[in-house]
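Single-structure report; data block below.
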Amino acid sequence: MNPMRLTLHYLTLLVCVWMAFPADAVAQVVINEVMASNLTTFPDMVDHGDFEDWIELYNAGGSSADLGGYALSDTPASVGAWTFPAGTVLGPGAFLLVWADGRNDVPGTFHVRPWWPDGQVFTTRRHHTDFRLDQAGEGVYLFDPAGAVVDSMTFGAQITDVSLGRYPDGSPTRRLSAEATPGASNQGTPLTDTGVSPAVQAAPIGGFFSGPVGVLLDAGPSDPPIHYTTDGSLPDAADPVYSGPFAVAATTVV
């Protein structure tokens with residue numbers, strides 16, 4: 001066989017493998033954890049200083065993934081999706097926290113915090129999408145530069161300060177956790193009981209009355225036990241259980 005032909009075939013093989021590698025690496029990036037109602041769990045301390053929804057990406061592959069041109073959206077259509085800027089690289093086994101706060105911002109942007117003395121300037125360090133997540137339920141979608149869906153995570157109504165994540169990282173299994181780990185491995189204990197009682201309805205509603213009134217509490221058709229207080233404090237399991245209408249003869253916060 002001609003030695004020159006062997007060399008040409010060898011070089012062609014190397015070029016083909018190198019060209020296929022980046023696409024394979026990006027295909028390993030998944031939506032690993034989301035929180036659609038972040039009230040007290042994890043504040044955005046480095047940028048805008050508030051509690052917002054967030055999305056975590058995870059590179060389950062063995063090589064770095066270039067996310068420049070990739071996009072996130074809360075709808076399955078890629079048109080108008082929020083896009084990662086050029087130079088966004090996610091290393092192998094690494095996590096990327098993205099704030100879904102509607103600010104449409106990227107790292108390296110200058111802002112002024114008006115509540116700081118002398119209007120001090122800060123530079124963003126995180127990515128911020130142009131959309132927020134809906135606690136009532138929706139989906140998060142990751143698109144490649146061609147608009148194809150790389151990964152997605154849909155969810156129903158979410159509990160405040162509880163995240164939905166893959167256990168273990170990158171796996172198809174998704175569970176709720178009250179121990180959210182934004183930007184880190186999902187190690188929190190998954191919730192096994194996520195039942196949420198409906199809001200308690202009181203009758204009559206608050207107002208001014210000329211005499212004592214009977215207060216009726218109702219928690220819906222499932223009729224779970226209702227613990228209540230009359231001093232405005234939050235009730236717990238040690239407080240009285242509602243068993244029927246009770247009289248209120250003075251200004252009272254139930």
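When peptides 136-147, 75-86, 240-251 are ranked by their average number of other Cβ atoms within 10 Å per residue, the highest-first order is 136-147, 75-86, 240-251.
Each residue, Thr40 and Thr229, gets one label point 7 Å from its Cα in the Cβ direction; the gap between the two is 1.3 nm.
Fully extending the segment from Phe246 to Val149, taken as 0.36 nm per residue of separation minus the present Cα-Cα distance, adds 29.3 nm. With 0.36 nm allotted per residue and the present C-alpha distance subtracted, the Asp66-Asn104 stretch has 11.7 nm of extension available.
The relative contact order of the stretch 52-115 comes to 43 percent, based on Cα pairs under 8 Å that sit 6 or more residues apart. Summarising the amide proton neighbourhood of Asp44: residues at separation of 5 or more, or on other chains, whose placed amide H is nearer than 5 Å comprise Gly49, Asp50, Phe51, Glu52.
Electrostatic bookkeeping for Gly156 treats Lys and Arg as +1 and Asp and Glu as -1; over the other residues with beta carbon under 15 Å from its beta carbon, the sum is -1.
A short reminder: the numbers here are calculations on the coordinates, not readings from a lab. As the structure is a prediction and not an experimental result, all values here were calculated from the model. As a convention, Cβ positions derive from the backbone with ideal geometry for all residues, glycine included, and neighbour counts pool all protein chains shown.
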